[in-house]
Structure formats: C-alpha cells, structure tokens
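Worksheet: the structure to be examined is printed underneath.
The values are calculated or read from the model by the stated rules, or taken from the named source; none is laboratory data. Note that the structure is predicted; figures quoted are calculated from it, not measured. So basically every Cβ, Gly included, is an ideal-geometry build from the backbone, and we count neighbours across all protein chains shown.
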Amino acid sequence: MAKLANLAGIFIIGEESNCLKDLIKNKYTGKLLEGAQNLEQVFEQIKSCAQSGDVVILSPACASFDWFSNYNERGLKFKALANKF
C-alpha cells in the first residue's frame, strides 16, 4: 500500500465503509472521518479539516450504488459541490 502519512484525512463513506476502515486501520493513524449519509455531509466534514490550497480527491474504492445511479452521477455531484467549496 502507498504511504499514507501525507494525508490530512480520509473520509470513509457508503455501505462498505466498515470494510474499508478495517483495511486501513493499521496503516493510517491520521484523521478518519465517517458517518456521512450523503455527499453534502461529506463536504461539511471536509470543510472541518481542509484549508485553502489543500487538495481533496474523490477516490472511490468501490461502487456507490447506495448513493448514486452510476459513476458519472457521483462525479458530477462531487464536481458541483467542489465548485461551491
């Protein structure tokens, strides 16, 4: 696994979040945010730790059919929210 030390935070979302948390818990000791019920809540969490100039990346580890119809819808929603940030 890639070095995770330079990350300001990881936001774990969706129905596979517990599995993802188990995969990284011994490799990452930084800020771990979870519990968001939609992408708007994710962005509220991002605002709590990101500062001007920080990079925020949407990096899906699996499908998100529990929140979106497809990857395109997910990407468009992320882009729209990021543009408001």
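Miscellaneous remarks
- Residue in the range 41-63 that is surrounded by the most Cβ atoms within 10 Å (Cβ to Cβ), counting only those that are closer than 14 Å to residue 84 by Cα and of a type in the set (S, T, N, Q): 41
- For the range 36-65, a tally of residues being under 11 Å from residue 11 (Cα atoms) and in a loop (DSSP other than H, G, I, E, B) returns 6.
- Here residue 74 clears all of (1) among the charged types (D, E, K, R); (2) modelled with pLDDT under 80; (3) part of a helix (DSSP H, G or I) except the condition numbered (2).
- Positions within the range 26-61 being more than 12 Å from the chain's Cα centre (by Cα) and of a type in the set (Asp, Glu), in sequence order: 54
- Summed over the range 49-69, residues that are of a type in the set (S, T, N, Q) and within 24 Å of residue 19 (Cβ to Cβ) total 3.
- Among the residues of the range 66-75, the ones that are farther than 14 Å from residue 12 by Cβ and surrounded by 14 or more Cβ atoms within 10 Å (Cβ to Cβ) come to 2 in all.
- Conditions (1) in a loop (DSSP other than H, G, I, E, B); (2) in contact with a Phe, Trp or Tyr (Cβ under 7 Å, 6 or more places away or on another chain); (3) not β-branched (Val, Ile, Thr): number failed by residue 68: (2)
- Contact map, the range 58-85: first residue in contact (Cβ under 8 Å) with a residue 40 or more places away in the chain, second residue among the polar types (S, T, N, Q), Cβ cut-off under 7 Å, separation 6 or more or different chains; pairs are 67/38.
- Residue count for the range 7-27, restricted to those that are of a type in the set (Asp, Glu) and either in a loop (DSSP other than H, G, I, E, B) or under 20 Å from residue 55 (Cβ atoms) (or both): 2
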